[in-house]
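Notes to accompany the following structure.
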Amino acid sequence: MLIAQLTDTHIRRPGSLAYGVVDTAIYLAAAVDHILALDPRPDVVIVTGDLTDFDDPAEYARFREITGRLPMPLFPLPGNHDSSQGLLRAFPEIAARTAGGRVNYVVEGFALRLVMLDSTVHGRPHGTLGEEGLTFLDAALSAEPSLPALVCAHHPPFLTGIRHMDVQNLFDADALAEVLRRHPQVCAYTCGHVHRAVTTTFAGIAATIGPAPAHSVSLALDPAAPPTFHMEPPSLSLHLFADGRLVTHRSFIGTFSGPHPFFGPDGKAIGTPG
Ligand SMILES: [Fe+2]
């Protein structure tokens, strides 16, 4: 199973630039082109929040228009720039999978189950899963203890060293860890929010933040650094689940020189001296 993870696309209305700089729609279109060119193509695309910049129906519509070219199913989650209700209104097919106004749902039918968790706190930048999300997670994992699972949300439950983002991460991380430790079939937790590729362990499993397809939060590890962003090379996460193991690749969006063969027709490495 191959999963492409988009995150933090921050789509705005036509003619409007994120932070006055970034035409995020162009970057999302490039990400869609990139996914379409992958061979093999991903089985699913997950979007771990901040689809829109201002939770505006026109922004969701634009997101749907741009990603409508993807033939595989797309499973979104809200981020702090979105809202649960805004996302559910824009994705009625996801609303049909959820209950209680929160975007908690499970994707089944693939080698890996995807447990999608709504970590948003309406109108606030930080995240919580809350009693409802934690209970949903526990029940979802209890229902299929022998099937491997990937847990997805918007907010990271760990510190990255980027202070202005760390103060708005997942506030009920300890309670999440407690649930995850009860279910050894969970192979990883993945999220967004920080607009950077980050890897660590959390509750004994792999934990990753998907990188940005547009603007990256600056890699500023000085606690006094102000919140800024850089236009680093856009990329996305490609999660490959094979032989019971989840491997996460970072795939840079764009066209690059190659593929160049290592070996010539004689079987020798090209450029071997003598
Ligand atoms: Fe974001």
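The values are calculated or read from the model by the stated rules, or taken from the named source; none is laboratory data. Note that the structure is a prediction, hence the values are computed from the model and not measured. Glycine gets a Cβ as well: all are built from the backbone with ideal geometry, and neighbour counts include every protein chain shown. Quick note on the areas: whole protein, heavy atoms, side chains included, nothing else; ligands and nucleic acids left out. Shrake-Rupley method; radii C 1.70, N 1.55, O 1.52, S 1.80 Å.
Here is a yes/no grid of residues against (1) open to solvent by less than 60 Å² (accessible area, probe 1.4 Å); (2) more than 14 Å from the ligand (Cβ to nearest atom); (3) modelled with pLDDT of 95 or more:
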{"residue": "L6", "(1), (2), (3)": "yes, no, yes"}
{"residue": "H10", "(1), (2), (3)": "yes, no, yes"}
{"residue": "L17", "(1), (2), (3)": "no, yes, yes"}
{"residue": "D43", "(1), (2), (3)": "no, yes, yes"}
{"residue": "T52", "(1), (2), (3)": "yes, no, yes"}
{"residue": "A58", "(1), (2), (3)": "yes, yes, yes"}
{"residue": "P78", "(1), (2), (3)": "yes, no, yes"}
{"residue": "Q85", "(1), (2), (3)": "no, yes, yes"}
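Within region 95-104, can one find any residue that is touching a strand residue (DSSP E or B) at 6+ places or on another chain (Cβ under 8 Å), crowded, with 21+ Cβ neighbours inside 10 Å and closer than 23 Å to M1 by Cβ?
Of the residues in region 95-104, the ones touching a strand residue (DSSP E or B) at 6+ places or on another chain (Cβ under 8 Å) are 97-98, 103-104.
After this cut, where a residue has to be crowded, with 21+ Cβ neighbours inside 10 Å as well, the list is 103-104.
Subset that is closer than 23 Å to M1 by Cβ: 103-104.
The answer is yes; a qualifying residue exists.
For H260, are the conditions met, namely being assigned to a loop (DSSP other than H, G, I, E, B) and modelled with pLDDT of 95 or more?
Judged against the criteria, H260 is a match.
What are the residue pairs meeting all of these: first residue in region 45-65, first residue of a type in the set (D, E), second residue in a strand (DSSP E or B), Cβ atoms under 7 Å, and 6 or more apart or on different chains?
Short answer, once both residue conditions are applied: D53/I11; D53/A18; E59/I11; E59/T52.
Can you find a residue that is within 16 Å of the ligand (Cβ to nearest atom), more than 22 Å from D43 (Cβ to Cβ), out of contact with any Phe, Trp or Tyr (no Cβ under 7 Å at 6 or more places or on another chain) and not in a strand (DSSP E or B) anywhere in region 114-121?
Here is the first cut: in region 114-121, the ones within 16 Å of the ligand (Cβ to nearest atom) are 118-121.
The next check asks that each one be more than 22 Å from D43 (Cβ to Cβ); those that pass are 118-121.
Next cut, out of contact with any Phe, Trp or Tyr (no Cβ under 7 Å at 6 or more places or on another chain) only: 118-121.
Filter again for not in a strand (DSSP E or B), leaving 118-119.
Checked against the condition, which is being within 16 Å of the ligand (Cβ to nearest atom), more than 22 Å from D43 (Cβ to Cβ), out of contact with any Phe, Trp or Tyr (no Cβ under 7 Å at 6 or more places or on another chain) and not in a strand (DSSP E or B), region 114-121 yields at least one hit.
So which of A224, A220, A212, A242 is under 29 Å from A149 (Cα atoms) and either more than 15 Å from the ligand (Cβ to nearest atom) or surrounded by fewer than 20 Cβ atoms within 10 Å (Cβ to Cβ) (or both)?
Values: A224 fails: under 29 Å from A149 (Cα atoms); A220 fails: under 29 Å from A149 (Cα atoms); A212 fails: either more than 15 Å from the ligand (Cβ to nearest atom) or surrounded by fewer than 20 Cβ atoms within 10 Å (Cβ to Cβ) (or both).
Only one candidate passes the filter, namely A242.
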